[in-house]
Amino acid sequence: MPESTPFTIHALELGPMENFVYLIHDHKSGRAAVVDPAWEVSEVLALANRHGMRITDILLTHSHHDHINGIGEVLQHHDAQLHLMKAEAQFWGQQLDLPTLHHGGDEIQVGDTLIKALHTPGHTPGSACYQVGDQLLTGDTLFVFGCGRCDLRGGDPEQMYATLKDMADRLPAGTLIRPGHNYAERSSTTLEEQIEGNPFMHFDDVDRFTRYRMHYHDQCRHSPYGPVRRGEEMPD
């Protein structure tokens, strides 16, 4: 990584669902933002301690239990500010202690490191991705050669279709995708590789996308996910 980069993103694979928990470490200030703290929080705290980080911010991609169950333990050790989308706070319905609520396009400053919050609904109404330099932490919106489920409470396949289309159209092709789960042959990938090989990014028809996401995919495709050629997603 170039010396001019003011941050490092550390990844830990934790828990029974192969979650990726990320620590965004701002070098100059020693501050860190933890993304979706869950499961073995002691591992997160130990990593922060080894690198001399102070966890000052908690970023949530969404509010499902497997992405939030470590918040309380982090707050026992660090005085951190919680960040999430306003739409997700409304969906979650918890009485949160003065969180910072965001809208798509908001920026979060952690020392010299700028983090942009993108509103990416589909898995939940207020799902978010966090853009840090040329990297995108995608939670359960976009996996490597997959995407999040839309059949849980709050899921909406039409929103997911629009979100993935928007990501493909607006983000640089070289953006490095850092997902919320390790469900694929690789732990990260470029957006260009996803546009080419992720079946969920191949559809130009929302009805076919919905049929694939809601009915076909989970019956015919299993992790670890690999690339799928265009036109081979499902039979007509």
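Each value in this text was obtained by applying a stated rule to the coordinates, not by laboratory testing. Computed from a prediction, not measured in an experiment: that's the story for all the values here. Here Cβ is always computed from backbone atoms with ideal geometry, including for glycine, and neighbour counts include all displayed protein chains.
Does any residue of the stretch 187-206 turn out to be touching a residue at least 60 places away in the same chain (Cβ under 8 Å), among the β-branched types (Val, Ile, Thr) and in contact with a Gly (Cβ under 8 Å, 6 or more places away or on another chain)?
No: the stretch 187-206 contains no residue that is touching a residue at least 60 places away in the same chain (Cβ under 8 Å), among the β-branched types (Val, Ile, Thr) and in contact with a Gly (Cβ under 8 Å, 6 or more places away or on another chain).
Quick check: is even one residue across the stretch 153-161 of a type in the set (Phe, Trp, Tyr) and either closer than 30 Å to Pro6 by Cβ or out of contact with any strand residue (DSSP E or B) (no Cβ under 7 Å at 6 or more places or on another chain) (or both)?
Taking every residue of the stretch 153-161 in turn, at least one turns out to be of a type in the set (Phe, Trp, Tyr) and either closer than 30 Å to Pro6 by Cβ or out of contact with any strand residue (DSSP E or B) (no Cβ under 7 Å at 6 or more places or on another chain) (or both).
For the stretch 129-146, which residues satisfy the criterion of being more than 10 Å from the chain's Cα centre (by Cα), over 12 Å from Pro179 (Cβ atoms) and either assigned to a strand (DSSP E or B) or of a type in the set (Lys, Arg) (or both)?
Result: Val132, single match.
Please count how many residues of the stretch 56-70 are assigned to a helix (DSSP H, G or I) and either more than 16 Å from the chain's Cα centre (by Cα) or over 14 Å from Pro99 (Cβ atoms) (or both).
Summing the residues that are assigned to a helix (DSSP H, G or I) and either more than 16 Å from the chain's Cα centre (by Cα) or over 14 Å from Pro99 (Cβ atoms) (or both) in the stretch 56-70 gives 3.
Which of the following residues is in a strand (DSSP E or B), free of Cβ contacts under 8 Å to residues at least 40 places away in the same chain and of a type outside the set (Lys, Arg): Leu84, Leu23?
Being in a strand (DSSP E or B), free of Cβ contacts under 8 Å to residues at least 40 places away in the same chain and of a type outside the set (Lys, Arg) holds for just one of Leu84, Leu23, which is Leu23.
Can you run down the residue pairs with Cβ atoms below 7 Å, 6 or more apart or on separate chains, where the first is in the stretch 146-172 and in contact (Cβ under 8 Å) with a residue 40 or more places away in the chain and more than 14 Å from Ile195 (Cα to Cα) and the partner is surrounded by 20 or more Cβ atoms within 10 Å (Cβ to Cβ) and of a type in the set (Ser, Thr, Tyr)?
Within 7 Å, the pairs are Gly154/Thr124.
Could you list all residues from the stretch 1-20 that are assigned to a loop (DSSP other than H, G, I, E, B) and free of Cβ contacts under 8 Å to residues at least 40 places away in the same chain?
Listed by number, the residues that qualify are Met1, Pro2, Glu3, Ser4, Pro16.
Given the options His83, His77, His64, His27, name the one that is out of contact with any Gly (no Cβ under 7 Å at 6 or more places or on another chain), under 20 Å from Asn182 (Cα atoms) and not polar (S, T, N, Q).
His64
(1) closer than 26 Å to Phe91 by Cβ; (2) charged (D, E, K, R); (3) over 14 Å from the mean Cα position of the chain (by Cα): which one isn't true of Lys116, the others all being true?
All conditions are met except number (3).
Name every residue in the stretch 87-122 that is part of a strand (DSSP E or B), without any contact (Cβ under 8 Å) to a residue 60 or more places away in the chain and not small (Gly, Ala, Ser), in order of residue number.
Result: Thr100, Leu101, His102, Glu107, Gln109, Leu114, Lys116, Leu118, His119.
Mind listing whichever residues of the stretch 147-186 are in a loop (DSSP other than H, G, I, E, B) and crowded, with 16+ Cβ neighbours inside 10 Å?
Gly148, Arg149, Cys150, Gly154, Gly155, Asp156, Leu171, Thr175, Gly180, Asn182, Tyr183
So if I check each of Ile9, Ile58, Ile68, which one is out of contact with any helix residue (DSSP H, G or I) (no Cβ under 9 Å at 6 or more places or on another chain), among the aliphatic types (A, V, I, L, M) and buried (at least 18 other Cβ atoms within 10 Å of the Cβ)?
Every option except Ile9 fails the conditions.
Which one is surrounded by the fewest Cβ atoms within 10 Å (Cβ to Cβ), of the residues in the stretch 26-55 that are assigned to a helix (DSSP H, G or I) and among the hydrophobic types (A, V, I, L, M, F, W, C)?
So the residue we want is Ala46.
Here is a list of conditions, (1) surrounded by fewer than 20 Cβ atoms within 10 Å (Cβ to Cβ); (2) in contact with a helix residue (DSSP H, G or I) (Cβ under 6 Å, 6 or more places away or on another chain); (3) of a type outside the set (Phe, Trp, Tyr), and Gly126 meets all of them except one; can you say which number that is?
(1)
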